[in-house]
Amino acid sequence: MRSELAGWAEYGYCASHSRFFWGLRLHLVCTLHGLPVGWALTGAKADERAVLEQILAGTPAIADQIAGGQQILIGDKNYFGKHFEQDLTDSRIELLRPARKGEKSRPGSRFFKPLRQVIESINDTLKGQLDLEAHGGRTIAGVCTRIAQRILAMTAAIWHNDILGLNIRRSLTAYDHSQPLESFI
């Protein structure tokens with residue numbers, strides 16, 4: 001069976017892996033604990049800044065948090081631009097990101113290395129434990145459904161682990177079906 005994703009999926013470049021790929025890009029807005037609060041699935045060449053603006057505008061939970069006071073958003077160095085950053089500031093969002101080449105040092109730079117570990121850990125949870133890249137969807141609806149299932153599964157695990165008072169909220173190890181049920185009781 002052929003994929004119906006042609007026209008949406010496209011070739012793009014992944015700087016963190018230094019390679020080109022064909023497919024889609026998952027954009028996530030998460031809390032520091034990795035709880036997804038907004039997401040979008042786009043073609044590989046989508047402008048990350050425009051996607052973020054759409055996520056922020058179209059996700060009521062994020063808008064409610066912003067209405068409660070100034071929010072801090074941490075992104076990579078591709079979230080740049082005078083107008084983009086001014087729009088975020090006007091929306092009461094402070095953007096922390098690494099400086100680009102030729103830019104002076106920016107606020108929050110000491111947090112980026114440890115937070116990068118959190119970001120990579122979130123991605124690893126989705127890819128490794130939840131098989132995000134092996135979703136098997138061949139239609140737009142199929143891919144969206146399968147991605148939403150994985151995000152919902154991670155969200156449910158974080159919520160459940162938080163309710164239980166566990167220090168590691170994003171771990172799905174306790175829910176691995178290969179463990180005997182008695183080990184959880």
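Bear in mind that the values in this text are calculations on the coordinates, not laboratory data. Only a predicted model underlies this, so the values are computations on that prediction, with no experimental measurement involved. Cβ coordinates were reconstructed from backbone atoms using ideal geometry, including for glycine residues, and neighbour counts include every protein chain displayed.
The table for this structure:
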{"quantity": "Other-chain or far-sequence residues with amide H under 5 Å of Cys30's (modelled H)", "calculated": "Val37"}
{"quantity": "Net length gained if the chain between Ser16 and Ala156 were fully extended (0.36 nm per residue, minus Cα distance)", "calculated": "47.6 nm"}
{"quantity": "Structure-based [θ]222 nm, the chain - -39500 (n - 2.57) summed over DSSP H runs of at least 4, per residue, nearest 500", "calculated": "-11000 deg cm²/dmol"}
{"quantity": "Mean Cβ count within 10 Å, highest first, over the residues of peptides 4-10, 134-140", "calculated": "4-10, 134-140"}
{"quantity": "For region 10-175: relative contact order, % (alpha-carbon pairs under 8 angstrom, 6 or more apart)", "calculated": "15"}
{"quantity": "Among beta bridges that DSSP assigns inside the chain, antiparallel share in %, nearest 5", "calculated": "70"}
{"quantity": "Shape of region 63-133, Cα gyration tensor, a/c cut at 1.5", "calculated": "oblate"}
{"quantity": "Whichever lysines have a C-alpha closer than 16 Å to that of Lys82, once near sequence neighbours (fewer than 8 apart) are set aside", "calculated": "Lys101, Lys104"}
{"quantity": "Centroid-to-centroid separation of region 1-65 and region 124-152 [C-alpha atoms, Å]", "calculated": "13"}
{"quantity": "Length released on extending from Lys101 to Asp76, taking residue separation times 0.36 nm less the Cα-Cα span", "calculated": "7.7 nm"}
{"quantity": "Option label - Rg and Dmax of the Cα atoms in Å computed here, alternatives [x] 18.0, 58; [y] 16.0, 54; [z] 17.2, 54", "calculated": "[x]"}
